[in-house]
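Down below is the structure, laid out as structure tokens.
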Amino acid sequence: MKKTFVLIIGILFFTYSQSQPFTYIDTKFEQVMQAASAWTDYNNDGWLDAFITGDKYSGNQQIVISELQKNLKNGTFQNVHSNIRDVFLAGLDWGDYDGDGDQDLVLCGETKTGDLFAGVYRNHNGGFILVNTSLTPVRDGSVEWGDFDNDGDLDILLSGENRDNMARTEIYRNEGGNKFYKISADLTPVFNGKAKWIDIDGDKDLDVLLTGQTSSNRFVGNLYRNDNNDKFTLLPVNMPDLTLSDVAVGDLDGDGDPDFIMSGETPTGGILAAVFRNNGNGEFTEMNTNLAGTRSGNIDLGDYDGDGDLDVVITGETYGESITWIYRNEGDFYFTHVNAGLPGVSLGGAYWGDYDRDGDADILLLGLDNCYDFSAKIFRNDGIYEKKKVEKETDAKSIWTTSPMHISVKPYYYFVYASCFCDPFNEGTGNKFHAFVSNIHYATKKYELMEKFNAIIMKNVVTWPKVDAGHRVTVGFMTKEEAQQGRQTVIREYQEEDFIIHYVQW
């Protein structure tokens, strides 16, 4: 039997530290990797639903999913079992292409049988009808709605690798009547990257931003201006050439024009993130920022602290680990890293969305974590944010955050757990997989459980400041019985993976 250590420690004193604003919500989503996702209100009830694609393995059996999870408005979701094709290595986007007032889906990816797929699903009273299969089937790419010809309906920008292992980047014009026509745009074909619409010059037509690699393994970072009449011109912007990459477009400095962030792997094997400010005349300047570079992840923009500007969440592989990091936008392209305690993932992503309609942005997180577990989780934003202020990095006794957050918590039953590949007691026996799981408490004070858990760990696990202590999760349940079941599930799953379990109790 695996040796189990028990830490039963009374707390006499702990140092106060500002705590993380995100709480894990048990949604029972199918856990996946090679994942893509999006929030959407598919049934027009005013509540965000979740759409998840990806794959996982149970033994040697591959499981591929495309799940539409209906928001039941009480913190839980229900799989509506739509007829949407199950895919992984997917690209997807939601938008009203037929102008009937509901959200339709464009989707591409690989199926369990190895076939490739791309198609449009029309939303009909909350059900989905596959109406178009003329799109080139691709995997390892992206697809996005956008009105590139400014005629009032949504067109399609698609990239990826086709059945012949050839890269593709294509634009399909919406002709109406569920018909899409591929134009001759002469864009660099890419996969393992992202094709994004962006109006760089404010002329009301959409230009194109590309990253990825070609079929000849040339890495790409290109920006194309839309010159109308289906013509696009490559611009001389000094952008990094990246693969396994992602791009996020948004007005980062509040001046009314779109800037962008890109991240991925360079031709020399480096990993970087680059931020470009739109100068307002179709030209861009690369800004000096502290954003971590990743590959095989994503970037998403959203105002999580309610101060009116776009903050950043970035996931993926860095050097030696996967991350999920949040950066608070302090203005003038200065970003503060917020140690939010989210598990790092790659082969997936993090997506902002206010699923509980409390006015702040929550996170849907998917992918493969640092313990090689599959993930598909929601982290609820419980922060109460006041004025913007830049803080210095904290010391080891307050490792959980580096930003000024004022946190509230709803009175639920909580437990806390964390894991590491480490030698926690510095016994010289080498690194092993360890998990630390607290007992259950009814919490009414702002994140008191995390502070107590933090105090115990910092006092008794002598090597903790040296390991990746950010992978700590707080789990809340409405009843004590549900919390007990959730805690036993976490312990059982760790035991099945041969983790050494440490019970942190007070």
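The values are calculated or read from the model by the stated rules, or taken from the named source; none is laboratory data. Being a predicted model, the structure only gives us computed values, none of them experimental. Cβ placement follows ideal geometry from the backbone for every residue including glycine, while neighbour counts extend to all protein chains displayed. With ligands, DNA and RNA removed, areas are computed over all heavy atoms of the protein, side chains included. Shrake-Rupley method; radii C 1.70, N 1.55, O 1.52, S 1.80 Å.
Among the residues of region 246-278, write down those that are among the polar types (S, T, N, Q), part of a loop (DSSP other than H, G, I, E, B) and at pLDDT 95 or above.
Hit for region 246-278 is 266, nothing else.
For region 31-47, what are the residues that are crowded, with 19+ Cβ neighbours inside 10 Å and part of a loop (DSSP other than H, G, I, E, B)?
31, 42
Is it the case that residue 256 is open to solvent by 20 Å² or more (accessible area, probe 1.4 Å) and farther than 25 Å from residue 344 by Cβ?
yes
Given the criteria of a type outside the set (A, V, I, L, M, F, W, C) and within 15 Å of the chain's Cα centre (by Cα), does residue 290 qualify?
In short, no.
Go through region 364-383 residue by residue and tally those that are polar (S, T, N, Q) and open to solvent by less than 10 Å² (accessible area, probe 1.4 Å).
2
So which residues in region 165-187 are within 26 Å of the chain's Cα centre (by Cα) and closer than 21 Å to residue 110 by Cβ, if there are any at all?
167, 168, 169, 170 - these are the residues of region 165-187 that are within 26 Å of the chain's Cα centre (by Cα) and closer than 21 Å to residue 110 by Cβ.
Mind listing just one residue for me: the one in region 219-233 that is touching a strand residue (DSSP E or B) at 6+ places or on another chain (Cβ under 8 Å) and free of Cβ contacts under 8 Å to residues at least 24 places away in the same chain and, of those, nearest to residue 285 (Cα to Cα)?
233
Condition first: among the acidic types (Asp, Glu), touching a Ser or Thr at 6+ places or on another chain (Cβ under 9 Å) and open to solvent by 50 Å² or more (accessible area, probe 1.4 Å). Now tell me which residues in region 201-253 satisfy that.
227, 241
Could you list, in sequence order, the residues of region 292-314 that are farther than 23 Å from residue 368 by Cβ, part of a loop (DSSP other than H, G, I, E, B) and either of a type in the set (A, V, I, L, M) or open to solvent by less than 30 Å² (accessible area, probe 1.4 Å) (or both)?
Hits for region 292-314 are 304, 305, 309, 310.
Can you confirm whether region 152-163 contains a residue that is within 23 Å of the chain's Cα centre (by Cα), under 21 Å from residue 189 (Cβ atoms), β-branched (Val, Ile, Thr) and open to solvent by less than 30 Å² (accessible area, probe 1.4 Å)?
Yes, region 152-163 contains at least one residue that is within 23 Å of the chain's Cα centre (by Cα), under 21 Å from residue 189 (Cβ atoms), β-branched (Val, Ile, Thr) and open to solvent by less than 30 Å² (accessible area, probe 1.4 Å).
Need the failing condition index for residue 266 against (1) within 22 Å of the chain's Cα centre (by Cα); (2) crowded, with 20+ Cβ neighbours inside 10 Å, just the number.
Against the list (1) within 22 Å of the chain's Cα centre (by Cα); (2) crowded, with 20+ Cβ neighbours inside 10 Å, residue 266 comes up short only on (2).
From the residues in region 188-214 that are in a loop (DSSP other than H, G, I, E, B) and under 27 Å from the mean Cα position of the chain (by Cα), which one is nearest to residue 230 (Cα to Cα)?
Among them, the one singled out is 206.
Looking only at region 298-313, count how many residues are out of contact with any Asp or Glu (no Cβ under 8 Å at 6 or more places or on another chain) and either among the β-branched types (Val, Ile, Thr) or closer than 18 Å to residue 248 by Cα (or both).
The number of residues fulfilling the criteria is 2.
Output the number of the condition that residue 349 fails; it satisfies all remaining conditions of (1) modelled with pLDDT of 95 or more; (2) under 15 Å from residue 251 (Cα atoms).
Result: residue 349 fails condition (2) only.
Show the residue pairs meeting these rules: Cβ distance below 6 Å; 6+ apart or different chains; first residue within region 236-248 and hydroxyl-bearing (Ser, Thr, Tyr); second residue surrounded by fewer than 24 Cβ atoms within 10 Å (Cβ to Cβ).
So the pair list comes out as 243/219.
Could you list, in sequence order, the residues of region 121-132 that are within 28 Å of the chain's Cα centre (by Cα) and among the polar types (S, T, N, Q)?
Within region 121-132, just 123 meets the criteria.
So, in region 255-268, how many residues would count as being small (Gly, Ala, Ser) and touching a residue at least 60 places away in the same chain (Cβ under 8 Å)?
Result for region 255-268: 1.
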